[in-house]
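See below for the structure under consideration.
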Amino acid sequence: MGNSVRAVATKGKRPLRVGATPVPHAEILDFVRDPLADCGIDLQIEIFESFDEPNELLVAGRLQANFFQYRPFLDNFNRLTGNALVPVVPVHTEPFGLYSMTVTAVEAIPRYAEIALPSDPVNVDRSLRMLTELGLITRDPVGFATVYNVRENPRALLFKQLSSWTLAEVRADFDVVFLFGNQAMEWGVDIGSALHCDQGNSAYAEYLVARPDNCDSYPVRALADALNREQTRDFILTTYAGQVLPAF
């Protein structure tokens, strides 16, 4: 279960409870707290360390919105669960990269290298797409590829699927590890040190998400407007120095 950050009730203001992952999502939300207070809204941020709970709690009505995911992840959740959560506005993009503590270049990845990748279907597919683009493998032309869809693997790379939240911790245990930008930042990993990085890809913009019954409500629309204002763009550019980019 998540932990609330500065979720102190403000008398006379409408509460808006939003689930988020810590960096940069919760930090960006915290930046827009004061403008929302001026609109009569008490923004309450609940932080989660996994990708599972925020959508489930939003569906259950425990949250009024969440901010942690990109469209392919949301679309897959809706498809698998039969829900219809709504992407309200895009906010930012984060780099997704290939990192190593021992290998210095993609070309130097050795035969039988052990590669750790996130285990959820959307990000397995994203990882395999990157490896295909780099010429390390070929994969079947399917919607969401799994490691079983790897068709050619000339370096006999060994794939290990792990929970996204453990990837940064196991960098020393693998030849190559996939990391999300927020994980790299939390662990002090320089994104510039990535062997390869997918940055600023609009297909993976992170969205504010709500339910069909409240996506057009005043509090959610006010939050969407605050997240997409020029001051928020400047905050993202200044705070994250290019490691996170505005998507609006």
For q = 0.14 Å⁻¹, what log10 I(q)/I(0) does the chain give under the Debye formula with an equal point scatterer on each alpha carbon and no solvent?
-0.92
Please state the Cα pair-distance histogram of the range 54-148 with 10 angstrom bins from zero: what percent is in each bin?
13, 37, 29, 16, 5
Given labels modelled 7 Å from the Cα in the Cβ direction, how far is it in nm from residue 107 to residue 38?
5.3 nm
Computed [θ] at 222 nm, deg cm²/dmol, the chain (DSSP H ≥ 4; -39,500 (n - 2.57); rounded to nearest 500)
-7500 deg cm²/dmol
Scaled to the compact-protein estimate 2.2 N^0.38 Å, what is the alpha-carbon radius of gyration of the range 96-198, rounded to two decimal places?
0.98
Please list, in order, the residues from the range 197-223 whose amide nitrogen is less than 11 Å from a point placed 7 Å along the Cα→Cβ vector of residue 75.
203-204
Given a Förster distance of 30 Å, report the FRET efficiency between residue 13 and residue 193 from their Cβ-Cβ distance, rounded to the nearest 0.05.
0.10
What are the ³J(HN,Hα) couplings of the range 203-219, residue after residue, when phi is run through the Karplus curve with 6.51, -1.76, 1.60 and θ = phi - 60°? Round to Hz, x for glycine and proline.
5, 10, 5, 8, 10, 6, 10, 9, 8, x, 7, 10, 5, 9, 6, 4, x
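For residue 217 and residue 144, what does the FRET efficiency come to when R0 = 25 Å and r is the distance between their Cβ atoms, rounded to the nearest 0.05?
0.20
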Could you list 187, 165 in order of exposure, starting from the residue whose Cβ has the fewest other Cβ atoms within 10 Å?
187, 165
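Read-outs: derived from the displayed coordinates by stated rules, not from any lab. All figures in this text were calculated on a predicted structure; none of them were measured in a lab. Using ideal geometry, Cβ is built from the backbone for each residue, glycine included, and neighbour counts are taken over all protein chains shown.
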